[in-house]
Amino acid sequence: MARGPLEKLERINAALMERVERSMDQQGNAFSLFQTAIGLETRMRQRTDELAATLRRLEQSNRALNQAKEAAERANLSKTRFLAAASHDVLQPLNAAILSVSALIELQTSERGHQLVRQVEQSLSTMDELLRTLIDISKLDGGVMRPEVAPVPLGALLESLRSDFAPIAAERELALKVRPNDHFVLSDRTMLRRILQNILSNALRYTARGGVLVGARRRGGLLSVEVIDTGKGIPPDQYETVFEEFHRGLASPGADGGRPAGLGLGLAIVRRMVQALDHDLSFASQVGRGTHFRLLLPLADMAVAVAEPRRKPPADPVAHHFAETRVLVLENDRPVMQAMAALLEGWRCSARLASSSAEGFELLEEVGWTPDLVLADQHLDGGDLGLDAVELLRDRLGWQVPAIIITADPSPDIVVRASLLGAEVMRKPLKPAELRALMAHLLARKKRKRASVWHRAARR
Amino acid sequence: MTCGRTAYACGIVALHGSDLSVNDFAAAIGREALAAEASFASIFFSHEFCEAPHLAEALRRNAPGLRYAACSTAGEVSPDGYAAGHILAVLFSDARFAVKATMFDALGSRSMDDMAARVAELRREAEACDGAGRGSLFALLLIDGLSRAEEAVTSALHWGLDDIPLVGGSAGDDLRFEKTTLILDGRTASDAAILMLVRSQVPFQVFKTDNFVPTSRKLVVTESNPDARRVVEFNAEPAAQAYAEAIGIDPQTLGPMSFASHPVVVRVGGEYYCRSIQKVHPDGSLTFFCAIDNGVVLTVAQPKGMVESTRDKLLAIGDRLGGIDLVLGFDCVLRRLDAENRQSFRTISQLYRDNRVIGFGTYGEQFRSMHLNQTLTGIAFGRAAEAAE
């Protein structure tokens, strides 16, 4: 059994070589599992180090992300400002152009000239509508336009829509019925008006005979506002697409005296606003019979509606002077009326429109609404004159509401009468900046006089 | 007649004793489980105290609702320090811990893939269980110390556990080397392993500690039976003889004491790991507590400074946890023997008592994916839970 030293060394050498070779094999026995385990342990430690390093990198990139986020927020803010500026700067010259064109009409003597100017005016107001809608859509998508939910008197809102659309309905010989109601709903007044306005406008556009009925009824804690038309209906294959941008149905023949069938943006913006407000909009339609839109709104408690003062809209650096200023616009030319309304809306005024003094008086019947300022075209429907209308209005209101008379032809007669009334005269074409300056001036004067005005109101 | 009871702030209660009947001890466990609202216990028992079937029967009668994992030992570490011939029960309160356990039997013929799959399943169960809310997971392993399967099992478990920390110990039989026993919920088995996945709301830290100073003497395995963990020759000489020569003692006196005081270590990945010798056979071959192979180069080492290195490790763990509430430790039986040899038995025992280490004497220790020898592995629980109350 005894081995020589050399033989021992040879055996040791053989064992070591075998071991080295085995360690190259993939097939492991228990000892190689142990070795692997230690290898794993070493790798685990490395992995821990790597994880720590990754964590540090993550922290770094988190900081970078935060910086990027802040930059993005700044960018978003400037985008907000850009949109606000765009809506103002893009639309204002356009409105000015519309106002100028309206003045141009009055200067035309030939029928051909009238026709051309009308066409230009039409195109401009289409452009205006398109731009306005696109800006609204981007504001909604960008989260810039945020709803300000407050109790809204639905009856008054529907009534004002009725008066806006009545001329269009009449022109197309369609019935437009609005069932009165005295509910308050929780919504954003401006957005809700826009939603219903677009639905109503579509209903009229795609209806050739019959008319449109607008009503509201309670459904549990909700109020369902329904717009029902006897129009051509929506084919089932378009149910999904009607709310998409630039979807257009075929307008009813003879609709709107050659006006285009709309931009196809009305319901796209409705969908966005309904989403932003978290309302529920649905429709049922039968081709050839008509369409029935239903908007479900949360009812506001009357007590709350009275107790809760309307929240002020956020300060707008462009037009904070006029926030909440109520302006009555007397104007018989529809595109001009709309351009003016747009301009005033852009200045955050709340504008009501009337085409005759009679209509203006009707507006005053609306609860709680009296104008802070009147803008009157000298030439109104039914041969009314702006100056007469202002005089009558002041009598009705019981105080000297500031007024601006707009005319293309300021004859000495008009100027004298205006100065006797204490009204200002502006010449067409209106320049928005001048109008704004004059309005600001009149309103500031009015504010100083307010105390005495209230005294008088109290004595009566 | 007495049953020691120690309640820890983290929600663990330890019961231990030796001079009472298995039935009385089981009754104490049953009462304590109800009182502490604990539905799971780990139990470590010496075969001198009782046989596994008796313990299972006593628990079935006295603690019918309790789930438990138990194993036989080679010594115990009770709240009073080193003990022998005792039984120790560690009850996990449901308020802080949720335990899922499974047993793998017939380790000799089990496929690693099956085991890894079962572990992954258990892991999903443990991650889904809502008993202890959202705590972190750790794994405890009890495995037959005579199964010769620890490396295969820890590797397989690691597949399924991945980053869940694992510690454990190999069951012993008081250095008889005949048979160790494991019990899971009344089912007894040898050649088996029990894996517990514990979701803990109490902060914890796993660790291992050892202490070796390598010498220049090398022993190369020139003939062996790896499956039997048996080394026939070192350096082309009968293994026992070569080893005895290397450590400078008479081959006839070789025994656990000499293996404990003269460990052989293997160098892997720049560090030394102990490969402990279990026993010497009449033919001069040596059986190990762990895997060996032909051509493995072993270095004779000296286990110096066990007290200091253990104390330092426990201090470091305590610092990290903000104070140690309890350590569940797996303490190699050879450490205990070496401590006896060096007259540091009382010091170590005191150190364990001071640091609230409880556990048992093992035939091998598991730490993450490794099977180790002559170490203390364990899991330390912090005191944060105490402050939270």
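Got a number for residues in the range A:344-362 being buried (at least 18 other Cβ atoms within 10 Å of the Cβ) and over 13 Å from residue A:325 (Cβ atoms)?
Here the count works out to 6.
Let's see how each residue does on (1) in contact with a Phe, Trp or Tyr (Cβ under 9 Å, 6 or more places away or on another chain); (2) aromatic (Phe, Trp, Tyr):
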site: B:137; (1), (2): no, no
site: B:145; (1), (2): yes, no
site: B:159; (1), (2): no, yes
site: B:162; (1), (2): no, no
site: B:176; (1), (2): no, no
site: B:186; (1), (2): yes, no
site: B:203; (1), (2): yes, no
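Determine which member of the set B:333, B:300, B:307, B:357 is in contact with a His (Cβ under 9 Å, 6 or more places away or on another chain) and of a type outside the set (Gly, Ala, Ser).
Step by step, each of B:333, B:300, B:307, B:357 is checked, and only B:300 is in contact with a His (Cβ under 9 Å, 6 or more places away or on another chain) and of a type outside the set (Gly, Ala, Ser).
Sort out which residues of the range B:270-288 are crowded, with 21+ Cβ neighbours inside 10 Å and either farther than 26 Å from residue A:45 by Cα or charged (D, E, K, R) (or both), and write them in order of number.
Selection gives B:275, B:277, B:278, B:280, B:286, B:288.
Scanning the range B:237-269 for residues that are β-branched (Val, Ile, Thr) and within 13 Å of residue B:215 (Cα to Cα), which turns out surrounded by the most Cβ atoms within 10 Å (Cβ to Cβ)?
B:264
Touching a Pro at 6+ places or on another chain (Cβ under 9 Å), within 14 Å of chain A (Cβ to nearest Cβ) and either closer than 20 Å to residue B:332 by Cβ or in a loop (DSSP other than H, G, I, E, B) (or both), is that true of residue B:265?
The answer is yes for residue B:265.
Take the residues in the range B:134-166 that are among the hydrophobic types (A, V, I, L, M, F, W, C) and either more than 14 Å from every other protein chain (Cβ to nearest Cβ) or part of a loop (DSSP other than H, G, I, E, B) (or both); name whichever of them is nearest to the chain's Cα centre (by Cα).
Looking at the filtered set, the residue picked out is B:142.
List, please: which pairs have Cβ atoms under 9 Å, are six or more places apart or on different chains, and start with a residue in the range A:3-14 that is at the interface with chain B (Cβ under 8 Å from one of its Cβ atoms) and end with one that is assigned to a helix (DSSP H, G or I)?
A:3/A:11
Considering only residues that are more than 34 Å from the chain's Cα centre (by Cα) and buried (at least 16 other Cβ atoms within 10 Å of the Cβ), which ones fall in the range A:400-420?
A:410, A:414, A:417, A:418, listed by residue number.
Is there a residue being in contact with a Lys or Arg (Cβ under 6 Å, 6 or more places away or on another chain), farther than 30 Å from residue B:174 by Cβ and in contact (Cβ under 8 Å) with a residue 24 or more places away in the chain anywhere in the range B:96-109?
Yes: one or more hits.
Among (1) more than 14 Å from every other protein chain (Cβ to nearest Cβ); (2) on the phi < 0 side of the Ramachandran plot, where does residue B:374 come up short?
(2)
Testing residue B:249 on (1) closer than 22 Å to residue B:145 by Cα; (2) of a type outside the set (Lys, Arg); (3) modelled with pLDDT under 95, one condition comes back false. Which one is that?
The failed condition is (1).
Just to confirm my filter: which strands (runs of 3 or more DSSP E) fall fully inside the range B:6-114 and include at least 2 residues that are in contact with a strand residue (DSSP E or B) (Cβ under 6 Å, 6 or more places away or on another chain) and within 21 Å of residue B:140 (Cβ to Cβ)?
B:12-17, B:38-45, B:67-72, B:76-78, B:87-93, B:97-104
Which condition does residue A:186 not pass, out of (1) within 24 Å of residue A:280 (Cβ to Cβ); (2) of a type outside the set (Gly, Ala, Ser); (3) in contact with a helix residue (DSSP H, G or I) (Cβ under 8 Å, 6 or more places away or on another chain); (4) part of a strand (DSSP E or B), if it passes all the others?
Only one criterion is unmet by residue A:186, namely (3).
With the requirement that a residue be closer than 22 Å to residue B:50 by Cα and either in contact with a Gly (Cβ under 8 Å, 6 or more places away or on another chain) or at pLDDT 95 or above (or both), what does the range B:7-20 give you?
B:13, B:14, B:15, B:16, B:17, B:18, listed by residue number.
So, residue A:26, is that one more than 10 Å from chain B (Cβ to nearest Cβ) and modelled with pLDDT under 75 or not?
Yes, satisfied.
I'm trying to understand the selection: among the residues of the range B:221-248, which are small (Gly, Ala, Ser) and more than 8 Å from chain A (Cβ to nearest Cβ)?
Selection gives B:224, B:228, B:239, B:240, B:242, B:244, B:246, B:248.
So which of A:37, A:53 ends up being modelled with pLDDT of 70 or more, within 16 Å of residue B:156 (Cβ to Cβ) and either assigned to a helix (DSSP H, G or I) or of a type in the set (Asp, Glu) (or both)?
On inspection, the qualifying residue turns out to be A:37.
Would you tally the residues in the range A:74-132 being at pLDDT 75 or above and among the acidic types (Asp, Glu)?
Total satisfying the criteria: 3.
Inspect all residues belonging to the range B:193-205 and state whether any of them is within 14 Å of chain A (Cβ to nearest Cβ) and among the aliphatic types (A, V, I, L, M).
No - not one qualifying residue is present in the range B:193-205.
The values are calculated or read from the model by the stated rules, or taken from the named source; none is laboratory data. All figures in this text were calculated on a predicted structure; none of them were measured in a lab. All Cβ positions, even for glycine, are placed from backbone atoms using ideal geometry, and neighbour counts span all protein chains on display.
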